[in-house]
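Data block below; observations after.
The values are calculated or read from the model by the stated rules, or taken from the named source; none is laboratory data. Predicted model only: the values in this text are computed from it and were never measured. No Cβ is skipped: glycine too gets one built from the backbone with ideal geometry, and neighbour counts run over all protein chains shown. Please note that ligands, DNA and RNA were not included when accessible areas were found on the heavy atoms of the full protein model with its side chains. Shrake-Rupley method; radii C 1.70, N 1.55, O 1.52, S 1.80 Å.
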Amino acid sequence: MSAMKDSGPLDFSAERVLAKEFLANFADANGEAKYLNILQEVANRRVRAVQIDLEDVFNYKDLDEDFLRRITENTRRYIGIFADAIDELMPEPTEAFIDDDHDILMTQRSDDGPDTVDNPDPRQRMPPEIKRYFEVYIRASSKGRPFTIREVKASYIGQLVRISGIVTRCSDVKPLMQVAVYTCEDCGFEIYQEVTARVFMPLFECPSQRCRTNQTKGNLILQLRASKFLKFQEAKLQELAEHVPKGHIPRTMTVHLRGELTRKVAPGDVVELSGIFLPIPYTGFRAMRAGLVADTFLEAMSITHFKKKYEDYELRGDEEELIARLAEDGDIYNKLARSLAPEIFGHEDIKKALLLLLVGAPHRKLKDGMKIRGDLHICLMGDPGVAKSQLLKHIINVAPRGVYTTGKGSSGVGLTAAVQKDPVTNEMVLEGGALVLADMGICAIDEFDKMEESDRTAIHEVMEQQTVSIAKAGITTSLNARTAVLAAANPAWGRYDLRRTPAENINLPPALLSRFDLLWLILDRADMDNDLEMARHVVYVHQTRESPALGFTPLESSVLRAYISAARRLSPYVPKDLEEYIASAYSSIRQEEAKSKTPHSYTTVRTLLSILRISAALARLRFSETVAQSDVDEALRLMQMSKFSLYSDDRQKSGLDAISDIYSILRDEASRTNKMDVGYAHALNWISRKGYSEAQLKECLEEYAALNVWQIHPHTFDIRFIDA
């Protein structure tokens with residue numbers, strides 16, 4: 001082999017022998033004949049695709065490196081060589097299968113075969129493609145970094161390259177002719193024409209020997225049923241934002257997907273493709289405009305998704321063990337929440353809420369077709385500089401499908417759907433906007449308050465009905481947008497003005513506010529201890545480029561994704577005994593709001609659904625099939641904590657000092673349940689709902705214990721009232 005110099009012509013029959021040898025003899029790590037097993041599956045009509053891994057070629061002992069180099073530099077030719085080798089190696093089927101039209105036609109042709117043997121005409125010889133039931137793909141090795149679209153230049157034409165990018169458009173799957181079959185009206189022969197390009201010139205005159213001898217121009221009829229077609233799809237791949245140099249616009253590349261690779265990608269997917277980089281001349285009217293210019297495209301050979309959808313996640317053995325271990329950990333809720341953006345200080349409850357946004361609740365579909373959404377919507381509203389945008393960006397990185405937009409930079413059409421003219425077919429087509437692209441994922445909208453009012457109304461329907469309805473340019477349709485909306489906004493005057501009512505500060509219409517499950521108000525307050533800790537944290541992160549020790553190793557985002565995908569498979573329900581508890585909690589929230597002069601929020605029936613959704617998400621995190629009372633309590637606590645920074649103000653105005661207020665809360669709760677003992681965890685839950693801290697609770701416990709009002713357990717801090 002090595003004697004063959006590059007200067008001489010390459011002997012492709014010798015290459016075929018090499019390919020055949022490799023396919024027949026290659027054994028994988030377990031010692032099994034990998035490719036012979038695949039071919040047996042193909043013979044039994046189980047699979048159609050034969051993927052040849054270049055890493056296997058590299059590891060095969062009897063092949064030299066030149067062979068590998070020749071495959072990567074002349075891939076299109078070697079696909080044909082491997083296909084010929086597979087034809088020779090194809091085993092007999094070991095299972096019975098039902099004949100389809102293709103098989104019946106093939107049997108008929110082989111019976112009619114002897115008639116055409118004496119004709120030397122190549123057009124009448126049956127091309128091997130038409131007999132094949134398989135497709136060959138050569139897959140590039142996954143070592144090394146994939147190219148960006150910019151780096152693939154003229155020197156790579158005809159070679160196998162790996163490119164990463166985001167899919168922006170996909171055409172429908174159409175049949176593409178591979179072998180055209182004609183029958184002659186005069187002599188009755190079948191004529192075959194192989195089609196290798198996107199366009200071909202049909203034959204009109206019969207080229208057979210008999211027609212030529214008789215000097216008749218036999219009329220040819222194209223037989224569509226006897227011809228062979230391939231599934232064909234065109235996609236547009238765009239550079240990832242991080243690969244675009246300063247001041248440039250992202251480049252795009254056309255990708256052709258054939259056969260088994262079709263329907264594997266959807267707009268918005270971040271993928272890595274390996275394929276052959278090829279030129280294609282313009283055809284038809286575009287050729288007149290383009291002149292001598294040709295276009296390039298990538299013929300895809302394999303597709304790898306960077307972030308799998310939750311449904312497609314298949315947990316590996318080690319991941320399953322890890323998740324089972326994590327699920328048994330009692331503190332998993334806190335750990336997962338603190339693993340979200342660990343370099344951002346504090347905001348623990350907000351991180352918990354964002355974790356629940358990622359998990360979501362199950363969608364409910366009623367018998368009459370009505371749907372109740374399961375996605376949580378969260379709005380973070382706060383002063384400048386409280387890391388809202390950073391949290392949004394981080395959540396988009398963790399979520400398998402995430403779209404990030406800003407209020408000023410997006411119009412109503414850009415969020416929902418636009419009607420465009422398709423450059424290929426000149427028809428009006430719909431192009432999905434940000435909310436449609438984030439279907440079954442998360443759409444983060446920053447600077448929500450800066451959006452135009454007309455554009456903001458486009459979001460109303462998506463947030464409750466989870467569809468986008470359109471009636472434009474003769475297209476009347478409804479698109480799915482099962483999206484969780486995560487919005488970040490600033491209060492009306494840039495900063496929260498305590499002298500005005502919450503409604504004036506928030507400055508969003510009530511119709512929109514009631515659709516958010518949690519509206520989180522984050523106020524930037526001057527607080528000596530907090531500010532010191534925060535500053536230390538920020539300086540530490542700045543110096544070491546990592547977050548300070550959390551007391552445990554934060555979980556990687558891949559582990560988070562795996563855990564969440566496992567949790568999302570559950571569909572928890574609310575048991576009978578909790579119905580009354582939830583109903584009374586909801587009615588008491590309504591009562592409180594009715595009494596207050598300046599309500600902090602709009603409580604509607606949607607709030608009740610929000611409580612149920614958050615509780616179901618919490619149950620999912622525990623891998624539980626039923627919602628427990630602790631989940632409902634935590635849901636109510638989160639709703640209360642979202643206005644935490646406002647309550648602390650009201651308390652000071654009401655004149656009660658914190659210690660006596662905490663005492664009255666605990667006393668009321670104890671008398672309500674008719675118990676003399678109160679658990680420390682319960683006490684903390686009650687008072688944190690009212691906006692007090694743990695330190696204040698401990699101070700209250702000590703002060704009243706000294707007055708002999710109650711006794712405190714020295715280790716667990718549980719409280720027992722002394723009956724006076």
Per the list (1) closer than 30 Å to residue 558 by Cβ; (2) out of contact with any Asp or Glu (no Cβ under 8 Å at 6 or more places or on another chain); (3) modelled with pLDDT of 85 or more, residue check on residue 349 breaks on (3)
Would you mind finding the one in 81, 38, 71 that is free of Cβ contacts under 8 Å to residues at least 40 places away in the same chain and at negative phi? 38
Filter region 682-708 for residues that are part of a helix (DSSP H, G or I) and among the basic types (Lys, Arg); which is surrounded by the fewest Cβ atoms within 10 Å (Cβ to Cβ)? 698
Region 204-233, residues that are without any contact (Cβ under 8 Å) to a residue 40 or more places away in the chain, open to solvent by less than 70 Å² (accessible area, probe 1.4 Å) and assigned to a loop (DSSP other than H, G, I, E, B): 206, 216, 218
Among (1) within 35 Å of the chain's Cα centre (by Cα); (2) open to solvent by 40 Å² or more (accessible area, probe 1.4 Å); (3) closer than 13 Å to residue 16 by Cα, the one test that residue 73 misses: (3)
Give region 608-635 a look and list any residue that's part of a helix (DSSP H, G or I), of a type in the set (S, T, N, Q) and open to solvent by 10 Å² or more (accessible area, probe 1.4 Å), or say none. 629, 630
Could you please let me know if residue 381 is open to solvent by 40 Å² or more (accessible area, probe 1.4 Å), assigned by the TED database to the domain that holds residue 518 and over 19 Å from the mean Cα position of the chain (by Cα)? no
Condition broken by residue 299, with the remaining ones in (1) at pLDDT 80 or above; (2) not assigned by the TED database to the domain that holds residue 154; (3) not small (Gly, Ala, Ser) satisfied: (2)
Being under 23 Å from residue 278 (Cβ atoms) and of a type in the set (Gly, Ala, Ser) is true for just one of 33, 43, 83, 27. Which residue is that? 83
Six or more apart or on different chains, Cβ under 7 Å: which pairs go from a residue in region 387-400 that's touching a residue at least 40 places away in the same chain (Cβ under 8 Å) to one that's of a type in the set (Asp, Glu)? Could you list them? 389/446; 392/446
Here the qualifying pairs (Cβ atoms under 6 Å; residues six or more apart or on different chains; first in region 526-548 and open to solvent by 70 Å² or more (accessible area, probe 1.4 Å); second not in a helix (DSSP H, G or I)) come out as 534/345; 540/548
Is it true that some residue in region 340-350 is without any contact (Cβ under 8 Å) to a residue 40 or more places away in the chain, surrounded by fewer than 20 Cβ atoms within 10 Å (Cβ to Cβ) and either outside any loop (DSSP other than H, G, I, E, B) or not β-branched (Val, Ile, Thr) (or both)? yes
State which residue is nearest to residue 389 (Cα to Cα) when the search covers only region 480-513 and only residues that are under 26 Å from the mean Cα position of the chain (by Cα) and open to solvent by 40 Å² or more (accessible area, probe 1.4 Å). 482
Flag for residue 146 being under 28 Å from the mean Cα position of the chain (by Cα) and either of a type in the set (A, V, I, L, M) or open to solvent by less than 60 Å² (accessible area, probe 1.4 Å) (or both): yes
